[in-house]
Amino acid sequence: MLSSSAHRAVESLLAFWAEAGVDAMLLDEPIDRIEAGKIAPPPAPIAPRPIPSSAVRPAPPGSDITAAVEQALSMARAAGDIEALKAAIEAFEGCPLRFEGAAHQAVFYRGDPAAPLMIVGEGPGAEEDARGQPFVGRAGQLLDRMLAAAGLADRVFITNTVFWRPPGNRAPTPAEQAVCAPFVERAIELVNPKMLLVLGASSAKAVLKKDEGILSLRGRWHEWRSHSGNLELPVMPTLHPAFLLRQPVAKKKVWSDLLTVTERLDRPDRP
Ligand code: URA
């Protein structure tokens, strides 16, 4: 039991954090709730902030990863075009992020559904969750500037490995990515791009199924193959734009990767 002065001190600290924009409390390592076989209810707020009623929802029935992947597969396969796939994602309840991190909505794509280049990021952040489109925050604005400079602006379809915001903007877990993967794969089939550009370490791992770090993967072409084996595409991994906001000196690496992509897209005999 806290004394009343300790109670006031805790309240004042929480109010300070809320004022500073802290809206989630995280451990150093993400908890993989699917693997753990349980889905926690949405985390309690750490500060006295009003919570939209849409943020407080029950966990979905069943938390078995295999069942969730099966359900995602059948919903994704049934989608005949990108808008049907968007509706399927919005209806899907098998990803715990929908109940843990997202306050507003599923975030699927922006860009051209017939684009020659598909970009796969990690997962939506707060701005994306609020607006319903990927890469619309600061990292997205940087991405857009770099794409425009590389001549790629209107030639992209942009999505993520997961479609709901991970709490506190942590990286999505492999299990969360696995549950969303059938929708990502179906998006690749429907858009049928000429190549993929994957942004950041966790997206590169999920898409390429390789354990190397992003610094060793980036700048080289890799191969992506669909589960059916019917589709193979070249993949360029590169650094995440959020990383570039913290380490601007790394921009030249991404710039070089983008030029490599543009060169291959524009090659007459490509890919
Ligand atoms: N970071 C991502 O990986 N994806 C987004 O949509 C936004 C930020």
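The values are calculated or read from the model by the stated rules, or taken from the named source; none is laboratory data. Note that the coordinates shown come from a computational prediction; the quantities given were computed from them, not determined experimentally. Virtual Cβ from ideal backbone geometry, glycine too; neighbours counted across all protein chains shown. Ligands, DNA and RNA are stripped out before the accessible areas are found, and what is left, the full protein with its side chains, is counted by its heavy atoms. Shrake-Rupley method; radii C 1.70, N 1.55, O 1.52, S 1.80 Å.
Values computed for the structure shown
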quantity: Over the stretch 121-263, relative contact order from alpha-carbon pairs under 8 Å, at least 6 apart, %; calculated: 25 percent
quantity: Area accessible to solvent at Arg110, 1.4 Å probe radius, in Å²; calculated: 40 Å²
quantity: The stretch 143-271: C-alpha gyration tensor shape, a/c 1.5 cut-off, then a/b vs b/c; calculated: oblate
quantity: Projected label distance in nm at Leu73 and Ala153, using a 7 Å step from Cα toward the beta-carbon; calculated: 4.2 nm
quantity: Table column - 3J(HN,Hα) (Hz), the stretch 193-204, Karplus curve with 6.51, -1.76, 1.60, x for Gly and Pro; calculated: x, 7, 7, 10, 10, 10, 10, x, 5, 6, 6, 4
quantity: Phi-based couplings in Hz for the stretch 77-84 (Karplus 6.51, -1.76, 1.60; Gly and Pro marked x); calculated: 4, 6, 7, x, 8, 5, 5, 5
quantity: Sparse-neighbourhood loop sites, chymotrypsin sites (Phe, Trp or Tyr not before Pro) in the stretch 173-271 - DSSP loop, at most 14 other Cβ within 10 angstrom; calculated: Trp221
quantity: Computed FRET value (nearest 0.05) for Arg267 with Ser216, which takes r as the C-beta separation and R₀ as 30 Å; calculated: 0.75
quantity: Within the stretch 111-222: Cβ-based charge dipole about Cα centre, in debye rounded to nearest 20 (Lys, Arg +1; Asp, Glu -1); calculated: 260 debye
quantity: Residue-normalised accessible area of the stretch 114-214, given per residue in Å² at a 1.4 Å probe; calculated: 33 Å²
quantity: Surrounding net charge for Ile82, when Lys and Arg each add one and Asp and Glu each subtract one, Cβ distance under 13 Å; calculated: -2
quantity: Segment Glu93-Ser3, length gained on full extension (0.36 nm per residue, minus Cα span); calculated: 28.1 nm
quantity: Estimated distance in nm for a label pair at Asp64 and Arg145, the labels positioned 7 Å out from Cα along Cα-to-Cβ; calculated: 5.0 nm
quantity: Interchain or long-range residues, amide H under 5 Å from Ile119's placed H; calculated: Phe157, Ile158, Thr159, Leu197
